[in-house]
Amino acid sequence: MSLIQVATKPALVLLHGTSGFSEDWSSVIDALANDRVVIRPDYMNSKGKDGASYSRTIPEAASQVLKNAAIIDRGPVDLVGYSLGAGVAAFIAAEYPETVRSLVIVSGFGYGSDVWMKLQFTLWLDLIRANHAALTRLLLLTGVSTDFLSRFDEDTIAGIVNAFVTSTDWESLDHSIRLDLGLDVREQSRKISVPTLSITATHDRIVPASHSRQLSEMMAGAQHAAVDAGHLAFLERPSELAMTIEDFLSRVDLAATHLPITTTG
C-alpha cells in the first residue's frame with residue numbers, strides 16, 4: 001500500500017554538474033521533497049559498479065539517467081539539470097519527450113566548444129594533469145561570488161581545498177570535463193516543448209549568464225529567473241535556488257489542473 005501512495009507523488013529528478021555528485025543537492029532537497037519523490041542519479045560516477053564505465057557522450061549520459069532513475073517506467077517527471085546536467089536534461093527533454101513533464105536548467109550552456117567554454121575546460125584538464133590544488137583554488141575563485149568567498153579565512157579555505165583534493169575522483173572529473181567539451185544540445189534545445197525554466201546565477205564566472213540565455217532562447221516559451229550567487233548556487237544560495245525551482249513546479253502543477261502558467265520570457 002505504501003508503494004502505491006509514493007508512486008502517486010510527482011517525481012523530481014535532479015542532475016548534478018561537472019565536478020559533482022548527487023550530494024550536491026543536499027542543501028536544496030528538503031524544500032523540494034515534501035510532496036515529491038526526489039531522485040538524484042550519479043550519472044557520471046558509476047565506474048566500477050556492475051562493470052559500468054564512464055559516460056563519454058551526452059547520449060550515453062542521458063541513457064544512464066534514464067536507466068538509473070527508472071524514468072521510462074515512472075512516467076513523465078519534472079527534470080532539473082545543473083551546468084553539465086542541464087545539457088543532459090535538455091537532451092532527454094528533446095529526445096525522450098514522453099518522459100518529461102517540465103524542465104529546469106540551472107546555469108546551463110548549449111555548446112561546450114564555444115571559445116569561452118573551451119578555453120576554460122582545456123585549462124581545467126591541464127590543471128588536472130599538473131596541479132589538483134591549483135584547479136581547486138581556481139574553481140573556488142570562479143565558482144562562488146566574491147562576497148561569499150570573503151566570509152572565509154585562510155585556514156578555512158585551505159581546509160576546503162584539501163578536502164576537495166583528497167575526496168575528488170580525478171579520473172571521473174577528467175571524463176566529465178571531456179563530456180563538457182563534447183556537449184552540443186543546440187539542435188535538441190529547439191525541439192523542446194515542455195514548460196521550461198532557465199535559472200541563471202548573477203555572479204556566475206564559469207557559465208556566464210549570456211551563455212545560459214543563449215541556450216534558453218532556443219527553447220520555445222522558456223521562462224527565466226536569476227539567483228544572487230555564483231555558479232555553485234546550490235552551496236551559496238540553496239534556499240533561494242530551491243524556492244525558485246519550487247515556485248516554477250507549483251505553477252506546472254497548476255497547469256496540470258488546467259490552469260494557465262504565466263510566462264515571463
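The values are calculated or read from the model by the stated rules, or taken from the named source; none is laboratory data. Just so we're clear, the structure is a prediction, and the values are computed from it rather than from any experiment. Here Cβ is always computed from backbone atoms with ideal geometry, including for glycine, and neighbour counts include all displayed protein chains. The accessibility values were calculated without ligands, DNA or RNA, using every heavy atom of the protein model including side chains. Shrake-Rupley method; radii C 1.70, N 1.55, O 1.52, S 1.80 Å.
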>> From Cα pairs below 8 angstrom and at least 6 apart in sequence, can you work out the relative contact order of region 71-175, rounded to a whole percent?
In response: 20
>> Probe radius 1.4 Å, ligands and nucleic acids ignored: give me the carbon and sulfur share of the accessible area of region 17-155 as a rounded percent.
In response: 50
>> Need one number: nm distance between label points at residue 35 and residue 98, each 7 Å from Cα along Cα→Cβ, rounded to one decimal.
In response: 2.8
> Leaving out ligands, DNA and RNA but keeping every protein chain, what accessible area does residue 228 have, in Å² rounded to the nearest 10, with a 1.4 Å probe?
Replying inline: 70
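Let me make sure I get this right: for region 97-158, a, b and c are the square roots of the gyration tensor eigenvalues over alpha carbons, sorted descending. Under 1.5 in a/c it's rounded, otherwise prolate if a/b > b/c, else oblate. Which is it?
Verdict is oblate for region 97-158.
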> Around residue 224, which amide H atoms from residues at least 5 apart in sequence, or from another chain, sit under 5 Å from its own amide H, with H modelled in the peptide plane?
Replying inline: 198, 264, 265
> Along region 11-19, what does the Karplus equation 6.51 cos²θ - 1.76 cosθ + 1.60 (θ = phi - 60°) give for ³J(HN,Hα), rounded to whole Hz, x for Gly and Pro?
Replying inline: 9, 10, 10, 10, 10, 6, x, 4, 9
> To the nearest 20 debye, what charge dipole does region 186-265 have about its Cα centre, counting +1 at the Cβ of each Lys and Arg and -1 at the Cβ of each Asp and Glu?
Replying inline: 340
> Points 7 angstrom from Cα along the Cβ direction at residue 209 and residue 156: gap in nanometres?
Replying inline: 2.6
> What trypsin sites (Lys or Arg not before Pro) in region 116-205 are in a loop by DSSP, with at most 16 other Cβ atoms within 10 Å of the Cβ?
Replying inline: 151, 190, 191, 205
>> I need the phi-derived Karplus couplings for region 96-101: 6.51 cos²θ - 1.76 cosθ + 1.60, θ = phi - 60°, integer Hz, Gly and Pro marked x.
In response: 10, x, 5, 9, 10, 8
> Total Lys pairs in the chain closer than 23 Å by alpha-carbon, pairs eight or more apart in sequence or interchain only?
Replying inline: 4
> By how many nm would the segment from residue 26 to residue 149 lengthen if fully extended, with 0.36 nm per residue of separation less the alpha-carbon distance?
Replying inline: 42.3 nm
> Per 10 Å bin, what percent of the C-alpha pairs of the chain does each bin hold, from zero upward?
Replying inline: 7, 31, 38, 19, 5, 0
> Once you charge only the Cβ atoms, +1 for Lys and Arg and -1 for Asp and Glu, what is the size of the charge dipole of the chain about its Cα centre, to the nearest 20 debye?
Replying inline: 560
> Rounded to the nearest 5, what % of the DSSP beta bridges within the chain are antiparallel ones?
Replying inline: 5
> Across region 180-193, in residue order, what do the Karplus-derived ³J(HN,Hα) couplings come to in whole Hz, using 6.51 cos²θ - 1.76 cosθ + 1.60 with θ = phi - 60° and x for Gly and Pro?
Replying inline: 3, 4, x, 6, 8, 10, 5, 5, 5, 4, 6, 9, 6, 10
> Modelled label-to-label distance, residue 239 and residue 202, 7 Å Cα→beta-carbon offset: nm?
Replying inline: 1.7
> Once fully extended, how much extra length lies between residue 53 and residue 190, figured as 0.36 nm per residue of separation less the alpha-carbon to alpha-carbon distance?
Replying inline: 46.3 nm
> With +1 on each Lys and Arg Cβ and -1 on each Asp and Glu Cβ, how big is the dipole of region 79-217 about its Cα centre, in debye rounded to the nearest 20?
Replying inline: 340
> For a paramagnetic label modelled at 7 Å from the Cα of residue 60 toward its Cβ, which residues of region 185-227 fall within the zone defined by backbone nitrogen distances under 20 Å?
Replying inline: 185-186
> Whose amide H sits under 5 Å from the amide H of residue 11, counting only residues 5 or more places off or on another chain, with H placed in the peptide plane?
Replying inline: 37, 78
